[in-house]
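Asks: Questions regarding the structure given below will be posed in turn.
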Amino acid sequence: MKGIVTRSTGSWHTVSDAEGNSLPCKLKGNFRIKGIRTTNPLAVGDRVEVEVSGDKTVGIITRVLDRQNYIIRKATKLSKESHIIAANIDQLIIVATLAFPRTSTGFIDRVLVTAEAYHIPAAIVFNKMDLHAGELLQWLEETEQIYSDAGYPCLRVSVKSGEGIENFKELLKDKISLITGHSGVGKSSLINLIQPGLRLKTMEISSYHLKGQHATTFAEMHPLSFGGFIIDTPGIKEFGLTDFNKNEVAERFPEMRALMHQCRYSNCTHSHEPGCAVIKAVEEGRIHQSRYYNYLSIFNGNDWNEDKWNH
Ligand code: GDP
Ligand code: ZN
């Protein structure tokens, strides 16, 4: 049997096949995955091969296919061991809104930088379109422009009016998606609309509560009736919070990455140097100012502060 791990709690893993059958499985003895030191050898999203028992009630996982990406969390701050939250994520969906509670570009850019670091494609879904008119609608158009120019697909939806919901389903169809966004932007409402009955419990867990409890929290994948999975993980809320190596930040802005090699100095930080291709592009309007300011803010290691980030 070939399948995907949809639940992983210690030594038992639920594996689901393409037909939707699932089987409790154990990992073959002394199994190791090379490369990373982790507290868990398997995570939701892992693609595996399974030897099914004669009575077809349990299975032994004999092979784990190479991961296309994975998200991790350090077991503790100082520890070298990591906990893999999920693997093979096809996309990260940021649910945002310019209505209440307004999502800042600072938040969006932080999450996008993290997605780039993990090699996960990202898309932005703007919800509560029913509340957008006049100036707010104009602002939304500008914001969409910023992100589509940077290469991120943008979608407009409204749980209330139904606008864009079919497109939202289309976006999720046949993919493994991780959904993130501030509390109150409408994540649960959106998911309930497209998959009634699916309640993502861990979205309510505060990141405060999670500190120090990493080993006991497990991610889960929920199948969507029209195809695809949503990953439900306590890691969702923490998605924006990874350690940054300063010099890698610019590479995680695709529009800067495309120009960096043209800078006069190879160690250019794109903050003040003469002959900087990024600064030139900002001055000429080829890179949006808000993206550039958020780059500087992340590069300078400014602490997360929603007000300060509200460009
Ligand atoms: P979550 O914290 O991201 O899961 O957000 P919820 O799904 O709990 O939604 C927060 C609030 O926003 C609730 O009162 C919803 O009824 C409301 N809401 C969600 N989507 C929309 C929308 O498209 N339009 C409007 N006007 N309100 C919405
Ligand atoms: Zn530069």
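Throughout, read-outs are computed from the coordinates displayed, never taken from laboratory work. Being a predicted model, the structure only gives us computed values, none of them experimental.
Asks: For the stretch 19-177, what number of Lys pairs, 8 or more residues apart or on separate chains, have alpha-carbon atoms under 27 Å from each other?
Replies: Lysine pairs meeting both conditions in the stretch 19-177 amount to 20.
Asks: Which length gain, in nm to one decimal place, applies between residue 293 and residue 130 when the Cα-Cα distance is subtracted from 0.36 nm times their residue separation? All intermediate terms of the calculation are to be shown ahead of the outcome.
Replies: Details: separation 163, 0.36 × 163 = 58.68 nm, distance 2.98 nm.
Here the segment from residue 293 to residue 130 would lengthen by 55.7 nm.
Asks: Tell me the relative contact order for the stretch 246-308 as a rounded percent, counting alpha carbon contacts under 8 Å between residues six or more apart.
Replies: 32 percent
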